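Quick notes on the structure that follows.
The values are calculated or read from the model by the stated rules, or taken from the named source; none is laboratory data. Since we're looking at a predicted model, the values are computed, not measured. All Cβ positions, even for glycine, are placed from backbone atoms using ideal geometry, and neighbour counts span all protein chains on display.
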Amino acid sequence: MRMRSVFYLACALAACGNSASTKAPRTEQQRVETWYHEWAAKQARPSPQLVDHIEALLVRERCIGDLNRWSRSYAYSMLPERIVDTSIVQFHLEMLGGEGVKPGRQITAPFLPNLDDRRIKVADGDYDLKDKRVRVGFCGNTFGASRTDADKARRYWAELERRRAARGSKSR
């Protein structure tokens, strides 16, 4: 009898349309994603010609090589104050064959920080327009990275923050 009462209550709420009024509040993640998509639509993106130049340099990197093996994303860097730094193009590559990895190249608005728990090979870094050079901050598996690789990645991210902060007032 109790099970039937719960069933009838659920049916009554659905039939009366009350279920829409009890819609779950948006999560913080959903709010951030909505803000980001609205903000991103208005932001500058690197030109395809600039990305072609970066890719010509990336193929020379021992860890990266043939770009047809990677899903590739490129975007201008973003300072913590949500200011786009058009003097640095960040890249994020994911090796094909990994879970959910799709081939191709995307030129996007600045990346949001993303914690990825997939077991895939990635390469992260940037191209600095001022220095005219590529820096690879991390290239390896998302799980099982050596302590040396993790330390190298930490040093890279700290150095990138210093470069962005030094140019912060010039990149607005």
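A few remarks follow.
- Within segment 117-145, the set of residues being loosely packed, with under 12 Cβ neighbours inside 10 Å and out of contact with any Lys or Arg (no Cβ under 9 Å at 6 or more places or on another chain) comprises Asp117, Arg119, Lys132, Arg133.
- Residue count for segment 25-36, restricted to those that are loosely packed, with under 11 Cβ neighbours inside 10 Å and in a helix (DSSP H, G or I): 2
- Just one of the listed residues (Gly98, Gly104) is surrounded by 13 or more Cβ atoms within 10 Å (Cβ to Cβ), over 23 Å from Arg162 (Cβ atoms) and either in the same structural domain as Lys152 (by TED's automatic domain parsing) or in contact (Cβ under 8 Å) with a residue 60 or more places away in the chain (or both), and it is Gly98.
- Condition check for Ile88: of a type in the set (Val, Ile, Thr), closer than 18 Å to His37 by Cα and over 11 Å from the mean Cα position of the chain (by Cα): no
- Lone qualifier among Ile64, Ile54 - being modelled with pLDDT of 90 or more and in a loop (DSSP other than H, G, I, E, B): Ile64
- Conditions (1) within 23 Å of Arg60 (Cβ to Cβ); (2) in contact with a Phe, Trp or Tyr (Cβ under 8 Å, 6 or more places away or on another chain); (3) not acidic (Asp, Glu); number of the one not met by Gly140: (2)
- Tally, over segment 84-111, of residues that are among the aromatic types (Phe, Trp, Tyr) and outside any loop (DSSP other than H, G, I, E, B): 1
- Test: Val32 is within 14 Å of the chain's Cα centre (by Cα) and not assigned by TED's automatic domain parsing to the domain that holds Asn141: yes
- Count of segment 153-172 residues which are at pLDDT 85 or above and surrounded by fewer than 17 Cβ atoms within 10 Å (Cβ to Cβ): 7
- Any pair with Cβ under 9 angstrom, 6 or more apart, that starts in segment 107-127 at a residue that is modelled with pLDDT of 90 or more and ends at one that is in a loop (DSSP other than H, G, I, E, B) and aliphatic (A, V, I, L, M): Ala123/Ile64
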